[in-house]
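Q: Just passing along the structure, written as structure tokens.
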Amino acid sequence: MTGRDEGNNDLAVQKIDIKLQVMAVQIPAAFVVNMLAGVERQGVDPVALLVRAGLGHPPRDLSVPEFVKLVRTVTLTLDDELAGLHHRPQRVGWTAIMGAYVSQAATLGEAYERAVHFMDLGDNSFRYCLRQSGNNMLFDMTRIPGRVVLNEVAIEMILMLVNRMMAWLAGNLGTINRAWFDYSAPSYACKYRGMFLRAPLQFDQSSSGLALPVSLMKLPLIRTEEQAIAYARRTPLDALLPMDGATGLSLEVSVIVDSTLSSEGRLADMDEVGHTLAMPSHTLRRRLKKEGVDYSDIRKQVRRDMAVRLLATTELSVEEIANQTGFSEASAFIRAFRSWTGMTPRAYRTSGDYR
């Protein structure tokens with residue numbers, strides 16, 4: 001069925017989607033404890049901060065919206081976007097300035113170069129570098145001797161947030177070929193599959209970083225400076241939305257689904273995509289399964305990413321965006337969007353102004 005044909009099934013589908021999102025997207029309690037360690041280091045009572053954020057206590061697994069609320073409460077309480085986890089505070093507004101700076105790049109590769117240059121100016125806990133190795137571009141961060149790095153969250157958040165911001169600037173899925181870390185695997189390492197987009201992982205290395213496809217570095221940036229600043233101010237909301245990190249066949253399928261949705265306002269079915277790729281639908285399903293991807297998940301992600309993009313970069317009404325993303329009615333779109341982000345479309349559109 002196409003997006004238009006789903007009609008009366010939209011509500012049932014979205015109810016199932018909400019349940020799946022609630023089950024799948026949880027920030028582990030151990031991650032929360034590590035985040036709060038920086039709060040305690042700065043002399044603030046972590047229990048009182050949890051209460052202030054409306055999250056109760058003791059620390060527990062959090063949904064993405066709850067974790068975003070925690071991060072914002074920590075950031076504003078400490079006036080530190082690094083949550084007290086690094087040697088020195090990174091004052092509120094630093095990430096927005098970085099967003100404005102990197103948005104002036106022409107390509108994704110240049111944006112990464114600007115990000116590395118900007119982050120090194122902070123001269124905080126790490127030295128950053130970008131270098132090519134074969135078909136990979138390596139984004140690497142090395143600890144500065146004698147500087148504070150309180151725990152692994154100090155590294156995880158930087159790698160994930162930088163990758164997601166750079167990918168967003170280029171309208172890309174943020175593909176990662178490999179991720180490595182200068183510490184042993186934490187208790188919640190199973191969550192790294194979602195955080196680092198199914199990339200192969202290496203622990204106990206001499207530095208931490210990401211290997212990115214060189215081929216992506218030529219992608220042009222599609223976001224404006226104003227949009228980049230708004231994105232940075234929403235941090236970490238956009239960065240924590242589920243991403244599949246499509247590569248290979250799944251990336252080809254995503255492009256076809258996105259093209260059909262953009263031009264016709266409907267979701268292409270598997271037969272259509274298979275015809276475009278010159279393969280039977282059963283072969284397409286089997287090959288996607290080998291990549292660990294389900295076709296329905298690709299359609300959901302393409303739909304969600306387009307909705308987020310239109311809300312962030314256009315002035316289209318919620319009703320118009322619902323129509324463009326193949327929903328039969330605005331109410332079904334609003335329910336789906338709330339399940340993805342924990343916010344209504346209108347609240348998301350204005351969330352860049354929270355500071």
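Per-residue answers, yes or no, for (1) within 21 Å of R233 (Cβ to Cβ); (2) touching a residue at least 12 places away in the same chain (Cβ under 8 Å):
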| position | (1), (2) |
| --- | --- |
| L85 | yes, yes |
| F126 | no, yes |
| N135 | no, yes |
| P145 | no, no |
| M165 | yes, yes |
| G174 | yes, yes |
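Q: Taking L121, is it surrounded by fewer than 18 Cβ atoms within 10 Å (Cβ to Cβ) and either free of Cβ contacts under 8 Å to residues at least 12 places away in the same chain or not polar (S, T, N, Q) (or both)? Step through it out loud before you land on a result.
A: Numbers: surrounded by fewer than 18 Cβ atoms within 10 Å (Cβ to Cβ): yes; either free of Cβ contacts under 8 Å to residues at least 12 places away in the same chain or not polar (S, T, N, Q) (or both): yes.
When the stated conditions are applied, L121 passes them.
Q: Still on this structure, I have one more. Which one of these is crowded, with 18+ Cβ neighbours inside 10 Å, charged (D, E, K, R), over 22 Å from N124 (Cα atoms) and not assigned by TED's automatic domain parsing to the domain that holds R299: R164, R193, R178, R198? Show your work before the answer.
A: Values: R164 fails: over 22 Å from N124 (Cα atoms); R193 fails: crowded, with 18+ Cβ neighbours inside 10 Å; R178 fails: crowded, with 18+ Cβ neighbours inside 10 Å.
The unique qualifying residue is R198.
Q: Okay, moving on. Only one of (1) touching a residue at least 24 places away in the same chain (Cβ under 8 Å); (2) farther than 23 Å from A199 by Cβ; (3) surrounded by fewer than 20 Cβ atoms within 10 Å (Cβ to Cβ) fails for S317. Which number is that?
A: The failed condition is (1).
Q: Of D61, D123, which residue is within 21 Å of the chain's Cα centre (by Cα), more than 25 Å from G174 (Cα to Cα) and outside the structural domain of R338 (by TED's automatic domain parsing)? Outline the logic, then answer.
A: Working: D123 fails: within 21 Å of the chain's Cα centre (by Cα).
Criteria check complete, one pass: D61.
Q: Sticking with this one: Please determine, by comparing only the residues of the stretch 67-82 that are in contact (Cβ under 8 Å) with a residue 40 or more places away in the chain and in a helix (DSSP H, G or I), which one is nearest to R41 (Cα to Cα).
A: L78
Q: Look at A189 and say whether it is closer than 24 Å to D258 by Cα and among the small types (G, A, S).
A: No.
Here is a yes/no grid of residues against (1) modelled with pLDDT under 95; (2) in a helix (DSSP H, G or I); (3) farther than 22 Å from L219 by Cα:
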| site | (1), (2), (3) |
| --- | --- |
| G84 | no, no, yes |
| Q90 | yes, no, yes |
| Q104 | no, no, no |
| E113 | no, yes, no |
| H117 | no, yes, no |
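Q: Within 17 Å of the chain's Cα centre (by Cα), in the same structural domain as L130 (by TED's automatic domain parsing), crowded, with 22+ Cβ neighbours inside 10 Å and more than 15 Å from D140 (Cβ to Cβ), is that true of L169?
A: yes
Q: Let me ask something additional. Of all the residues that make up the stretch 149-193, how many are of a type in the set (S, T, N, Q) and not in a loop (DSSP other than H, G, I, E, B)?
A: As a first pass, look at the stretch 149-193 and keep what is of a type in the set (S, T, N, Q): 151, 163, 172, 175, 177, 184, 187.
Subset that is not in a loop (DSSP other than H, G, I, E, B): 163.
Going through the stretch 149-193 one residue at a time, the tally reaches 1.
Q: Scanning for something among the hydroxyl-bearing types (S, T, Y) and more than 27 Å from Q227 (Cβ to Cβ), does the stretch 168-183 turn up at least one residue?
A: Of all residues in the stretch 168-183, those among the hydroxyl-bearing types (S, T, Y) come to 175, 183.
Then keep just the ones that are more than 27 Å from Q227 (Cβ to Cβ); that gives 183.
Checking the stretch 168-183: at least one residue is among the hydroxyl-bearing types (S, T, Y) and more than 27 Å from Q227 (Cβ to Cβ).
The values are calculated or read from the model by the stated rules, or taken from the named source; none is laboratory data. Please read these numbers as outputs of a predicted model, since none were measured by experiment. Note: ideal-geometry Cβ built from the backbone for every residue, glycine included; neighbour counts use all protein chains shown.
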